[in-house]
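Quick note: the coordinates plus some simple rules give every number you see, no bench work behind them. Bear in mind the structure is a predicted one, so any value in this text is a computation, not a measurement. FYI the Cβ positions are ideal-geometry reconstructions off the backbone, even for glycines, and counts take in every protein chain you see.
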């Protein structure tokens, strides 16, 4: 289980402190798939970073009782000067997984070919997404944090992710941030909406969408 | 899998992370071309050999009757040890920023990996050159090896604590980077590498002994030269400096760990 309790996140800006998340609470049980909706800049990525532990909350607590991935997003998590293969080894070591064989598995899944031995800074965002996703599947987590990346990219890759995540790893928990309503509707049992730093959870995705559309229109 | 894990498990994770960061640093810093990671100690060795050769040719006895090769080796090696560390920690976060996306990778681990590498390089250079010069008869082995190691350890601690403090400060303000370069340059002639305290005029001696690294080097040289050398140092003095800088450095690191903004 992951529990966020009364979490607030403030960032210093040139115009004083900005409150990005304001007293947010969220619980994710094993196997649950939760969608997060919100407009650009609503704080969705911040929320995911806090859940992952990459950033610390300004107030409140986050408890993790299962292994949680890093935020699988288009940016971050890799060192640009290192090759894809070196990044695979680095990430494996950090999570205590033997790097033996991991590079081959990532090569197989990501279909990056020889690019895997080029520096990551030369990758397109799609290639980074494939690398991030492939490594996270090799390391294995109880909860995957997905910030947009599986919903985009070419069709073949989307299909592959589909199979690996939602069929082979049905038992895992996921938090999915996406702008694609269909995607969330298809894969999440419930959803929450971020508006003005407040998070409202709904029992069904449909209710969440109704609220999301209502607040975006206003 | 609870987050509130034991100290032992935290230590295991931290070791793992520092190990991964060490490998990462070695690959980007030295690459896999030509002699690769051997540069770690070949580069400081070249510096030390160069300085030793220059001082020998110039006959710079720096006010002492000590054998010049041993004088240069102890002096320049210890400068390389403490002076290069702050440079490795200043600006260490930016190229590693995206790695902080992984929960267990902390700012202090990035510093630790870089410092361990720096200490390893300087130590190997010092040890290899010492054995080499001894082997070809240019210098005699140290009189008291434990004292040499103790001095070396204190200098490494001083360098590491200064590095963490300056590295963390530099993450908050660019001025630190600007000021460290001239400071590092000016501190070299004052650090005791190129003179011995005993030969310094009394007034100057009191001023120079305010610098903590002078104490470490005098201790090291006492171990090296034994009775032929009249040392001036205070172990509590340098230890207090190291403790103070360590505390300040860890506190600053804590501050920036909370505020560092991911991309």
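Helical content alone sets the calculated 222 nm signal of chain B at -24000 deg cm²/dmol, taking -39,500 (n - 2.57) per DSSP H segment of four or more residues and averaging over every residue.
Between 0 and 90 degrees, rounded to the nearest ten: what's the tilt of helix B:175-190 against the longest Cα principal axis of chain B? The two axes meet at around 20 degrees. Our Cα-only numbers for segment A:44-170 put the radius of gyration and Dmax at 14.3, 45 Å. Antiparallel beta bridges, as assigned by DSSP with both residues in segment A:136-218, represent about 50 percent of the total such bridges. Placing a pseudo-label 7 Å from each Cα along the Cα-to-Cβ vector at residue A:179 and residue B:15 gives an inter-label distance of 4.7 nm. With R₀ fixed at 25 Å, the C-beta to C-beta distance from residue B:183 to residue B:34 puts the FRET efficiency at about 0.15. Our note on the geometry: Cα centres of segment B:27-43 and segment B:79-100, 17 Å apart. Take each residue of peptide A:57-70, count the partner chain Cβ atoms within 10 Å of its Cβ, and average: the result is 2. A protection proxy built from the mean count of other Cβ atoms within 10 Å ranks the segments B:221-231, B:102-112, A:128-138, most packed first, as A:128-138, B:102-112, B:221-231.
The calculated FRET efficiency for residue A:186 paired with residue B:124, based on their beta-carbon distance and R0 = 60 Å, is about 0.55.
Grab the DSSP H runs of chain A that are 4 residues or longer, score each as -39,500 (n - 2.57), total them, divide by all residues and round the 222 nm result to the nearest 500 deg cm²/dmol.
-9500 deg cm²/dmol
Bridge orientation summary for the protein assembly as shown: considering DSSP beta bridges with both residues in this region, about 55 percent are antiparallel. For residue A:104 and residue A:67, a Förster radius of 25 Å and the Cβ-Cβ distance give a FRET efficiency of 0.65, rounded to the nearest 0.05.
Please state the shape class of segment A:112-218: rounded when a/c is under 1.5, otherwise prolate if a/b exceeds b/c and oblate if not, all from the C-alpha gyration tensor. Prolate.
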